[in-house]
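Encoded as structure tokens, the structure appears first; notes follow it.
The values are calculated or read from the model by the stated rules, or taken from the named source; none is laboratory data. From a predicted model like this one, the values you see are computed outputs, not experimental measurements. All Cβ positions, glycine included, derive from the backbone under ideal geometry; neighbour counts span all protein chains shown.
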Amino acid sequence: MLVLFPFCGLLLIACGIYILLLPQLPDVASLKHFRFKTPLQVLSRDGQLIAEYGDEHTTPLSYRQIPPMFIKAVTAAEDDRFFSHEGIDPRGLARAAIELLMHGSIQSGGSTITMQVAKNYFLSQERTFSRKFTEILLAHEIEQSLTKQEILTLYVNKIFLGHRAYGIAAAAQVYFGKNIRDLSIDQMALIAGLPKAPSRYNPVDNAPRALERRNWILGRMRSLGSITAAQYEKAVHAPLGLNYRGTVSEVNGLYLAELVRDTLVKRYGEAVYTSGWKVYTTVEGNRQNAANLAVRDGLIDYDHRHGYRGPEAHDASLDSLTDYNTINGMIPGLVTAVTADSLSVTLRDGELISIPWSGLSWARRALPNGRIGLPPTRPAELAKAGDIIRCVRRDHGWELTELPKVQGLLVALDPRNGALQAMVGGFDFFASKFNRVIQGGRQVGSSLKPFIYAAALEHGYTPASMINDGPLSFSFGDRLWQPQNDDGEFMGPITLRRALYLSRNLVSIRLLQSLGVNTAIDYCQRFGLPTEAMPRNLTLALGSADFLPLQMLTAYATFANGGHRINPYFIDHISDARGKVLFRAHPLSVCDDCAAGSASAPRVIPATVAFEINSILHDVILHGTGRGALAIGRSDVAGKTGTTNEARDAWFDGYSPTLATVTWVGFDTPAPLGNGEFGGVAAVPIWNRFMAYALHDQPQLGWSRPAGLSAVWISKSTGAPTSASDPEGYTEYLPADKVPAAPTTPANTNDQLF
């Protein structure tokens, strides 16, 4: 009888604790409706991930979405009697105690999966008797309220698995870049081994321990009959096969993602970070990636034209590489050997590569005052063993490179409705989060001229009007201003068309004089260009105004769409965690019969003026400063270059009927780009790379001649009608009331411009 007293005492104490704690237990029924803190996801229009925001990377699964083999793996690792016990497994606890005594550590889980659900959803991580007893009580209550399938689903969706991954679906993406259903047995076993100690067994941080833990779980699965001996042998000898993707993004569009994040937080507050909302932007993923590569490669090419500054460090070791980050595909590497025609380089991730002479021969030394040295003759002139350099893989293979000091951008939209198609706000988001597309204006140079010319066309001029490209001189007190053309020459009287596509400064000033500065500014405002950024003097004709690239893009879209003002937008729709659409954009569109919810974009300039400007800006590409754009091989594009004083800014604003794109190159602190770095040299190649990709499968459309314009055969030298046999003649499009008596029928009366 005396033996029973201690046991009865313990039983009474346990009952007392149970009675005391039971009223304080949380309502486990709430688990049936638990809402996970899923991150805000920013996606491309076609559903590719750009970025996500939130402390936890979570992708909840239903029970049916959990692969059966993963269920076997996780129960083998954590709780092999999960489907038979009632929340507490004395045998499992005993096995864990024996492992601790014999090996000094516990490989199998000491707590049941149900107990871990209780801890993860309701309890803190403190290690006290009362917390453990509460965990046991909760596990019992959970088993009474939920099915085994519901409990397991809660478990696999909540467990922390390292590197911000909560739940197995997130871990599959982070560590392998795969959907959970696509994992192999060995990969499932690796993830199943993480809940016990996500840091200790993490494959990114501790591959040997992760491999050891994975193989132990595979052994447990074999002994439990979950896999065959053959499956075990194949899985246990498989490499880790990591494809670590800490950010899991598929699209390089962080400047756009940051714009989305900032917009939503300002409107809805920080609750959006755990809302599970999916924000579908207007960009297509592959187009955005193409835009990023276009900017990157364009700035690399600019940097190459101005010489190689040399390695980033000398006399370094492999350990030193950890201090250097990969920036936009530019990978730090340690030179390990120099041969007669190549450099052998060990990259930051341990890969050994060879840079051939074709990837080195560009590297003429950068000298003071913008000069460059002679071409190198051998690799030893560029680097030696122990140097840290940058490498980049381009279309032709590995290439020596360096981080550009210059910056650039690209922004594109659909001129028919304003939907953003790409946004690259700088060379690399992590190197500089300053989004040059929407933050800080730059002088636009000659890219402003088309708007002044459009005003002139609406105020009585025609493309055939003759204007004098001759000297001008202005006195301001004791100051004298004598503006010049870029080439320092004067062409005399020329047509308005030629003056624009050849970007003649003196003609632009004369047109602005004729119109009046205030009239021109009011006209520019129709395109969305802010009046406060425009100087109220004749320098406006040379592009002295500071505008944001997005403002310039919006303005040029008016030409591209035939004369309508659209508003840029970048969010197509937003859905909640259950897929319910919370918001959908209804933009102003250029349409005769707009769809429900959309309105027609207002016309701000006559269709005739838009057509005439498109025709002239097409000639910019055929005969003028934008000839480099001929490289994309399309006849339905138009545009205008812009270069400011001392080539501090280089622009190209170009478009087709379905896609308008602005590119810019310059230094954040304005400084000369160097000799020869005009808009046609620095900015056009970036535009070409993107547009060639974006339009490669698109039909060539052109712009149809609107009513009110007549085709007339005009002399290039006089601007007057001429005979069809005149070799200097060309087809001009003139308002019907401004067609002079023509001696012949025009050579081309096609209503399609291109």
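Close contacts from region 132-151, counting a first residue that is within 13 Å of Gln116 (Cα to Cα) and a second that is at pLDDT 80 or above and among the hydroxyl-bearing types (Ser, Thr, Tyr), with Cβ to Cβ under 6 Å and a gap of 6+ residues or different chains, come to Ala139/Thr114; Ile142/Thr114; Glu143/Thr114; Ile151/Thr114. All conditions but one from (1) modelled with pLDDT under 90; (2) farther than 28 Å from Ser226 by Cβ; (3) charged (D, E, K, R) apply to Asp89; the one that does not is (2).
Among the residues of region 471-485, not a single one is crowded, with 23+ Cβ neighbours inside 10 Å and either in contact (Cβ under 8 Å) with a residue 60 or more places away in the chain or in a loop (DSSP other than H, G, I, E, B) (or both).
Checking Ala456 against (1) within 24 Å of Glu532 (Cα to Cα); (2) in contact (Cβ under 8 Å) with a residue 60 or more places away in the chain: exactly one of these is not met. Which one? The failed condition is (2). No other residue among Trp664, Trp713 is closer than 30 Å to Lys738 by Cβ and touching an Asp or Glu at 6+ places or on another chain (Cβ under 9 Å) apart from Trp713. Here Phe652 meets the list (1) over 21 Å from Asp303 (Cβ atoms); (2) buried (at least 21 other Cβ atoms within 10 Å of the Cβ) almost entirely, failing just condition (1).
Residue by residue, here is whether (1) under 39 Å from the mean Cα position of the chain (by Cα); (2) over 19 Å from Gly445 (Cα atoms) holds:
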| residue | (1), (2) |
| --- | --- |
| Phe476 | no, yes |
| Arg479 | no, yes |
| Gln482 | no, no |
| Asn485 | yes, no |
| Leu496 | no, no |
| Ala499 | yes, no |
| Leu511 | no, no |
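Cβ-Cβ distances below 7 Å connect the following pairs, each with a first residue in region 174-196 that is without any contact (Cβ under 8 Å) to a residue 40 or more places away in the chain, a second residue that is assigned to a helix (DSSP H, G or I), and a separation of six or more residues or different chains: Asn179/Ala172; Leu194/Ala171. Looking across Asp46, Asp55, one residue alone is out of contact with any Pro (no Cβ under 7 Å at 6 or more places or on another chain), farther than 19 Å from Arg200 by Cβ and at pLDDT below 90. It is Asp55. You will find that of Pro657, Pro670, the residue that is surrounded by fewer than 21 Cβ atoms within 10 Å (Cβ to Cβ) and not hydroxyl-bearing (Ser, Thr, Tyr) is Pro670 and no other.
For region 487-517, the candidate set comprises residues that are under 22 Å from Tyr733 (Cα atoms) and of a type in the set (Val, Ile, Thr); within that set, the residue that is surrounded by the most Cβ atoms within 10 Å (Cβ to Cβ) is Val507.
Just give me the residues in region 711-726 being assigned to a loop (DSSP other than H, G, I, E, B) and more than 49 Å from the chain's Cα centre (by Cα), in sequence order.
Of everything in region 711-726, those that are assigned to a loop (DSSP other than H, G, I, E, B) and more than 49 Å from the chain's Cα centre (by Cα) turn out to be Thr718, Ala720, Thr722, Ser723, Ala724, Ser725, Asp726.
Consider region 285-335 and keep the residues that are assigned to a helix (DSSP H, G or I) and of a type in the set (S, T, N, Q). The one that is farthest from Leu43 (Cα to Cα) is Ser320. In the condition set (1) at pLDDT 95 or above; (2) more than 16 Å from the chain's Cα centre (by Cα); (3) within 23 Å of Val406 (Cβ to Cβ); (4) not aromatic (Phe, Trp, Tyr), Ile331 is compliant with all but (1). Look at Phe427 and say whether it is under 18 Å from Ala533 (Cβ atoms), in the same structural domain as Asp572 (by TED's automatic domain parsing), of a type outside the set (Val, Ile, Thr) and surrounded by 23 or more Cβ atoms within 10 Å (Cβ to Cβ). For Phe427, the condition - under 18 Å from Ala533 (Cβ atoms), in the same structural domain as Asp572 (by TED's automatic domain parsing), of a type outside the set (Val, Ile, Thr) and surrounded by 23 or more Cβ atoms within 10 Å (Cβ to Cβ) - is not met.
Annotation: Ala235 fulfils all but one of (1) assigned to a loop (DSSP other than H, G, I, E, B); (2) crowded, with 22+ Cβ neighbours inside 10 Å; (3) among the small types (Gly, Ala, Ser); the unmet one is (1). Of the residues examined, Leu550 is not one that is within 14 Å of Ala455 (Cβ to Cβ) and not in a loop (DSSP other than H, G, I, E, B). Scanning region 439-455 for residues that are of a type outside the set (D, E, K, R), farther than 12 Å from Leu500 by Cα and crowded, with 18+ Cβ neighbours inside 10 Å returns Gln443, Val444, Gly445, Ala455.
Quickly run through region 617-650 and pick out the residues that are within 15 Å of Phe690 (Cα to Cα) and not small (Gly, Ala, Ser). Once the filter is applied, which keeps residues that are within 15 Å of Phe690 (Cα to Cα) and not small (Gly, Ala, Ser), region 617-650 yields Leu630, Ile632, Arg634, Val637. Among the residues of region 718-754, those identified as among the small types (Gly, Ala, Ser), modelled with pLDDT of 80 or more, surrounded by 12 or more Cβ atoms within 10 Å (Cβ to Cβ) and within 22 Å of Gly460 (Cβ to Cβ) are Gly719, Ala720.
Scanning region 145-187 for residues that are charged (D, E, K, R) and within 31 Å of the chain's Cα centre (by Cα) yields Lys158, Arg164, Lys178, Arg181, Asp182. Pairs meeting the criteria (first residue in region 80-99 and aromatic (Phe, Trp, Tyr), second residue at pLDDT 70 or above, beta carbons under 6 Å, at least 6 apart or on different chains) are Phe82/Thr75; Phe82/Ile113; Phe83/Lys148.
For Tyr232, the conditions (1) of a type in the set (Phe, Trp, Tyr); (2) closer than 20 Å to Arg164 by Cα; (3) at pLDDT 95 or above all hold with the exception of (2).
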